[in-house]
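One structure is given here, and the rest of the page talks about it.
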Amino acid sequence: MIALLTDFGLADPYVGAMKGVIAGIAPGMPVIDVTHGVPPQDVRVGALFLDAAWPWFPPGTVFVCVVDPGVGTRRRPIVVSAADRLFVGPDNGLLSLLPDPIFRRIDVAGPLPSRTFHGRDLFSPIAARLATGALAFVDVGPLVDDAVRIDIPAPRAETDGWSGEVLYVDGFGNAITNLAGTDSGSVEVSGERLPVVTAYGDAPPGGLVALTGSTNRLEVAQRDGSAAATLGLRPGATVRLRA
Amino acid sequence: MIALLTDFGLADPYVGAMKGVIAGIAPGMPVIDVTHGVPPQDVRVGALFLDAAWPWFPPGTVFVCVVDPGVGTRRRPIVVSAADRLFVGPDNGLLSLLPDPIFRRIDVAGPLPSRTFHGRDLFSPIAARLATGALAFVDVGPLVDDAVRIDIPAPRAETDGWSGEVLYVDGFGNAITNLAGTDSGSVEVSGERLPVVTAYGDAPPGGLVALTGSTNRLEVAQRDGSAAATLGLRPGATVRLRA
Amino acid sequence: MIALLTDFGLADPYVGAMKGVIAGIAPGMPVIDVTHGVPPQDVRVGALFLDAAWPWFPPGTVFVCVVDPGVGTRRRPIVVSAADRLFVGPDNGLLSLLPDPIFRRIDVAGPLPSRTFHGRDLFSPIAARLATGALAFVDVGPLVDDAVRIDIPAPRAETDGWSGEVLYVDGFGNAITNLAGTDSGSVEVSGERLPVVTAYGDAPPGGLVALTGSTNRLEVAQRDGSAAATLGLRPGATVRLRA
């Protein structure tokens, strides 16, 4: 099975072209969209979305991950083996949050791909060949020991709790933070103090709360509303957890 | 076959995670998106979208339907059998427009799911097991005879026709009403009187018309434009049909 | 395999209904979305998106293409055979950029479809029957020799280069033009002179450039930004290429 994660959006025919290429190389191979809604060229959010999604896909899944502002430059194309799954994409940090990763640089014979659309011309064909077994991970190319890493800021311990920040805002307006999930205490954000609850529906209508979201991170939410809009939250905004 | 209808949108990796879970339980099972564009937490529009779509899917389809502001509270998870299809989701009215429904509360052994993402942790696994035949409808749990219902307002008879209202606005700006489709007469809406026609192209360029849409409901449309934007139409706006 | 290209968007259940119909006629047939993000009723952009995508799908693919403001009027429904692929849709120019096309009018027995949703009621069933082999292209209906054509404006030669125009803007804000791709020279657009480069990453941060995009057309792009927003570019805007 192949799973796709990109910042291409769905308005243009770019994702469709990738799927056409895969279908030509691996007829009948199931292809699943993780999302194509990573904010354009936002490698960090792409890495976080992948982090939230990959554990839910079965072992053996081959992921094609493309958030690639450096396409056509000297950044390396890589395949990562991690957690019994394979991940194909650019060496720019997008694939650097995976656990115990082994990196290989893509170095296989083939026509020189375009310099603007490696998702279609390089990563999808490689993924299709990996998924069918026509190409083995060990034959992708040489091992890489200096892959580019991105760092997710860690929460800082304070005398009475933790100080963290908003990592991204989801489509419901929930602000997902770098604080670990918990089921008690309270948070301070945008000058407000909010209770930590265990379900969205525990908030009164319109109420603002914090809770452990589906990725085990603490998030700030509003019942029947957008917490991010109401509180003016963007990535980087400070969120403090009090015991 | 499994079909998905949610209010998750496609920007986040939530739908992808659901599909990953299904693929792990039911490898190779076709999964089709009905839509993930239900307005956030709008159970009524979700029910109407399902009403518009399910008849076009073959008997035997298992639908996963998630518009679920009460996730994690005491609202019941249910499976509905109707029209030779199965529908998995929350007991909040979302599944209450189906014809001759039989409701069962989900009560099967398994780890306690998260309290924030039953689409991924409860409804998708149940649907995958129903679709493969590993779980039978009669074994889902006890029958429910007091399922939550939502009501779609009925049109009111008037001396010279019917008075109805806008139910929702689609992506073309067409305003879909609760009035039954017809091919004659005229409608009054926002102080305008519009002819009832039988095809969008029957209107002159820019012209406003009413016609029977693809769900057999009367809708207000504008050729080469958005009727909803031009006329300021929102759900609840009055539309009168005159003979 | 069946591939879908429409202007339906993904907010409504319209695409889902089409897929349900196909699944009922051709169970297990792979269905791939090219895109559903053609601007509403924009036949020209639909034809350009199809032009950008179809070569990447394998021979034998059956495309359902629906950008159809004239649905229900006298415009003809057609099937086009071109490049070992089939294309089903309205005769309004949407399918007129295909190479060496053979056109047939759809004229097969069957219930009269709705006058508002031929994508679901006519084009999808025909495509499903073509894809399974239940219907052969020669049996679709009579040949058509006067299919509607749309013209993409050609660049004009000037003393020191070419004058072209923006055809559409993609989701990254890149402005795709009717100028043929090149790897040297410069372009004049919105009073600016931009270098022609060969990769997005060749631009400095925030820099505006022109380059050959993934469809072999010259496009105007901005690193880490939207060229269309920065330069105020819309379809029809003049872009001059200088040697």
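The values are calculated or read from the model by the stated rules, or taken from the named source; none is laboratory data. Please read all numbers here as calculations on a predicted model, not as lab measurements. All Cβ positions, even for glycine, are placed from backbone atoms using ideal geometry, and neighbour counts span all protein chains on display. Protein only, heavy atoms only, side chains kept; ligands, DNA and RNA dropped before computing areas. Shrake-Rupley method; radii C 1.70, N 1.55, O 1.52, S 1.80 Å.
Ranking C:142, C:185, C:173 by Cα position along the charge dipole of segment C:107-196, where only Lys, Arg, Asp and Glu carry charges on their C-beta atoms, puts C:142 farthest toward the positive end. Here segment C:1-83 is assigned +1 on the Cβ of each Lys and Arg and -1 on the Cβ of each Asp and Glu. Its dipole about the Cα centre then comes out at about 280 debye. Counting only Cα atoms, segment B:101-243 measures 59, 34, 26 Å along its principal axes, largest extent leading.
Can you pull out the buried accessible area for chains A and C, both sides counted, probe 1.4 Å, rounded to the nearest 100 Å²?
Values: alone 11480 and 11450 Å², together 20770 Å².
For chain A against chain C, roughly 2200 Å² becomes buried.
For segment B:141-243, the carbon plus sulfur part of the accessible surface works out to 48%, probe radius 1.4 Å. Ordered from largest to smallest accessible area (heavy atoms of protein chains, 1.4 Å probe), the residues C:54, B:56 come out as B:56, C:54. Shortest first, residue B:159 label-point distances to identical copies amount to 7.8, 7.8 nm, with the label point at 7 Å from Cα along Cα→Cβ. Note that segment C:76-84 has calculated 3J(HN,Hα) couplings of 8, x, 9, 10, 10, 9, 7, 6, 6 Hz, one per residue in order, obtained from phi through the Karplus relation 6.51 cos²θ - 1.76 cosθ + 1.60 (θ = phi - 60°); glycine and proline are x.
When DSSP beta bridges are restricted to pairs lying wholly in segment B:15-139, around 75% turn out antiparallel. Each other copy holds its own label point for residue A:180; taking that point as 7 Å from Cα along Cα to Cβ, the gaps run 6.2, 6.2 nm, nearest first.
Carbon-plus-sulfur fraction of the accessible area of segment C:78-130, 1.4 Å probe, in percent? All intermediate terms of the calculation are to be shown ahead of the outcome.
On the way: 930 of 1830 Å².
Carbon and sulfur together cover 51 percent of it.
In this structure, the amide hydrogen of residue B:32, modeled 1.01 Å from its nitrogen in the peptide plane, lies closer than 5 angstrom to those of B:2, B:3, B:4, counting only residues at least 5 positions away or on a different chain.
For chain C, the average shadow cast by the Cα convex hull is 14.2 nm², which is a quarter of the hull's surface.
What is the antiparallel percent of DSSP beta bridges lying wholly in the protein assembly as shown, to the nearest 5? Percent antiparallel among DSSP bridges in the protein assembly as shown is about 75.
Placing +1 on the Cβ of every Lys and Arg and -1 on the Cβ of every Asp and Glu, with no other charges, gives segment C:32-77 a dipole of roughly 280 debye about its Cα centre. Bridge orientation summary for segment B:136-243: considering DSSP beta bridges with both residues in this region, about 95 percent are antiparallel. Summing charges over neighbours of residue A:196, with a neighbour being any other residue whose Cβ is under 14 Å away from its Cβ, gives 0 when K and R count +1 and D and E count -1.
Its alpha carbons considered, the protein assembly as shown gives a radius of gyration followed by a Dmax of 26.2, 81 Å.
Each Lys or Arg adds one and each Asp or Glu subtracts one; over the other residues with Cβ under 13 Å from the Cβ of residue A:47, this totals -4. Counting only heavy atoms of the protein chains and using a 1.4 Å probe, residue A:139 has close to 100 Å² of accessible surface. Under 5 Å between amide hydrogens, built in the peptide plane, is the criterion, and for residue A:239 it picks out A:164, A:165, A:166 among residues at least 5 positions away or on other chains. What the protein assembly as shown shows is 38 Å² of accessible area per residue, with the surface traced by a 1.4 Å probe over protein heavy atoms.
Taken one residue at a time, the phi angles of segment C:116-122 give Karplus couplings (6.51, -1.76, 1.60, θ = phi - 60°) of 10, 9, 5, x, 7, 9, 10 Hz. Gly and Pro are set to x. Local charge for residue A:166 was computed over the other residues whose Cβ lies under 10 Å away, with Lys and Arg +1 and Asp and Glu -1, and equals -1. Taking θ as phi - 60° and the Karplus parameters 6.51, -1.76 and 1.60, the scalar couplings of segment C:215-228 work out to 10, 6, 9, 6, 10, 9, 9, 10, 5, 6, x, 9, 4, 5 Hz in sequence order, x denoting glycine and proline.
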